[in-house]
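> If you scroll down you'll find the structure; I have some questions about it.
The values are calculated or read from the model by the stated rules, or taken from the named source; none is laboratory data. All figures in this text were calculated on a predicted structure; none of them were measured in a lab. Positions of Cβ are backbone-derived with ideal geometry, glycine not excepted, and every protein chain shown enters the neighbour counts.
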Amino acid sequence: MRIGILAVQGAFAEHEKVLEQLNIPYIELRKAEDLDTPYDGLIFPGGESTVQGKLLKELGMFDKIHAQLLDGMPVLATCAGMILLASSLDNDTHHYFGTLPISVKRNAYGRQLGSFHTISECKGLGDIPMTFIRAPYVSSVDDSVDVLSVVDSHIVAVQYENQLAMSFHPELDDDLRIHQRFLELVQNHAS
């Protein structure tokens, strides 16, 4: 098993450290040629979704990744990654891959000062630490989407088929269960 980590911008190094702790090989996806190396799952890190979306298109990576998502490749998307997957954005006319049938409100908690940390329940995992940084939240979901976590009446984690997306940054906490759940999706998809 090898995981492809989108590394054009954002907090990809923190996801790499988690995969290293779990002894999972990964490849940084920085340019179109990197997509030719086989990998079994994708991680979209936090960062600036607008910049990531623009770079994916400029670097010729968007279409191939989009096709992989449509073909069911498992993905873990955190913060900006959730925005890249969302089918619509409440406060933005852009949309990117659109493979996750949710609507997302960008920077929903305000700017940097709106960042916070909490512990809350995540379906199937129990209570987990959650670090929110200029985070979005999910304002609405299609009936086919499984809501995994709600914090202060806002949806902050969802799963749809092989797509796991969350507003918070599991890579910034010591708890490995979100990544382990993602790796189970990858393993099940590969077999």
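> With the checklist (1) surrounded by fewer than 18 Cβ atoms within 10 Å (Cβ to Cβ); (2) in a strand (DSSP E or B); (3) at pLDDT 95 or above in hand, flag the one item residue 164 doesn't pass.
With (1) surrounded by fewer than 18 Cβ atoms within 10 Å (Cβ to Cβ); (2) in a strand (DSSP E or B); (3) at pLDDT 95 or above applied to residue 164, the lone miss is (1).
> I would also like to ask the following. Please tell me if residue 116 is surrounded by 19 or more Cβ atoms within 10 Å (Cβ to Cβ), farther than 16 Å from residue 74 by Cβ and modelled with pLDDT under 95.
no
> Right, next: If I ask for residues that are crowded, with 20+ Cβ neighbours inside 10 Å and either within 13 Å of residue 173 (Cα to Cα) or small (Gly, Ala, Ser) (or both), which ones from segment 129-138 would you list? Break it down stepwise before answering.
Taking segment 129-138 first, the residues crowded, with 20+ Cβ neighbours inside 10 Å are 130, 132, 135-138.
Once the filter is applied, which keeps residues that are crowded, with 20+ Cβ neighbours inside 10 Å and either within 13 Å of residue 173 (Cα to Cα) or small (Gly, Ala, Ser) (or both), segment 129-138 yields 130, 132, 135.
> Residues of segment 167-179 being assigned to a loop (DSSP other than H, G, I, E, B) and either touching a Cys at 6+ places or on another chain (Cβ under 8 Å) or on the phi > 0 side of the Ramachandran plot (or both), which ones?
167, 168, 169 - these are the residues of segment 167-179 that are assigned to a loop (DSSP other than H, G, I, E, B) and either touching a Cys at 6+ places or on another chain (Cβ under 8 Å) or on the phi > 0 side of the Ramachandran plot (or both).
> Now for a different question. For segment 152-161, indicate whether the set of residues that are touching a strand residue (DSSP E or B) at 6+ places or on another chain (Cβ under 7 Å), at pLDDT below 95 and either of a type in the set (Asp, Glu) or not in a helix (DSSP H, G or I) (or both) is non-empty.
Yes, because at least one residue in segment 152-161 is touching a strand residue (DSSP E or B) at 6+ places or on another chain (Cβ under 7 Å), at pLDDT below 95 and either of a type in the set (Asp, Glu) or not in a helix (DSSP H, G or I) (or both).
> Residue check, residue 139 against (1) part of a strand (DSSP E or B); (2) free of Cβ contacts under 8 Å to residues at least 40 places away in the same chain; (3) over 16 Å from the mean Cα position of the chain (by Cα), all met but one. Which one?
It is condition (2) that residue 139 fails.
> Within segment 147-161, is even one residue among the aromatic types (Phe, Trp, Tyr) and buried (at least 20 other Cβ atoms within 10 Å of the Cβ)?
Scanning segment 147-161, I find no residue that is among the aromatic types (Phe, Trp, Tyr) and buried (at least 20 other Cβ atoms within 10 Å of the Cβ), so the answer is no.
> How about segment 22-54: which of its residues are more than 15 Å from the chain's Cα centre (by Cα) and at pLDDT below 95?
Within segment 22-54, 51, 54 qualify.
> Taking the condition among the polar types (S, T, N, Q), part of a loop (DSSP other than H, G, I, E, B) and under 30 Å from residue 188 (Cα atoms), does residue 23 pass?
Spelling it out, residue 23 is indeed among the polar types (S, T, N, Q), part of a loop (DSSP other than H, G, I, E, B) and under 30 Å from residue 188 (Cα atoms).
> Within the bounds of segment 106-127, is there any residue that is in contact (Cβ under 8 Å) with a residue 12 or more places away in the chain, under 15 Å from the mean Cα position of the chain (by Cα) and within 16 Å of residue 46 (Cβ to Cβ)?
Yes, because at least one residue in segment 106-127 is in contact (Cβ under 8 Å) with a residue 12 or more places away in the chain, under 15 Å from the mean Cα position of the chain (by Cα) and within 16 Å of residue 46 (Cβ to Cβ).
> Another question, if that's okay. For residue 73, which of the numbered conditions (1) touching a strand residue (DSSP E or B) at 6+ places or on another chain (Cβ under 7 Å); (2) part of a loop (DSSP other than H, G, I, E, B); (3) modelled with pLDDT under 95 fails to hold?
Here residue 73 meets the rest and fails (3).
> Something else now. Output the residues belonging to segment 175-191 that are farther than 12 Å from residue 72 by Cα and modelled with pLDDT under 95.
191
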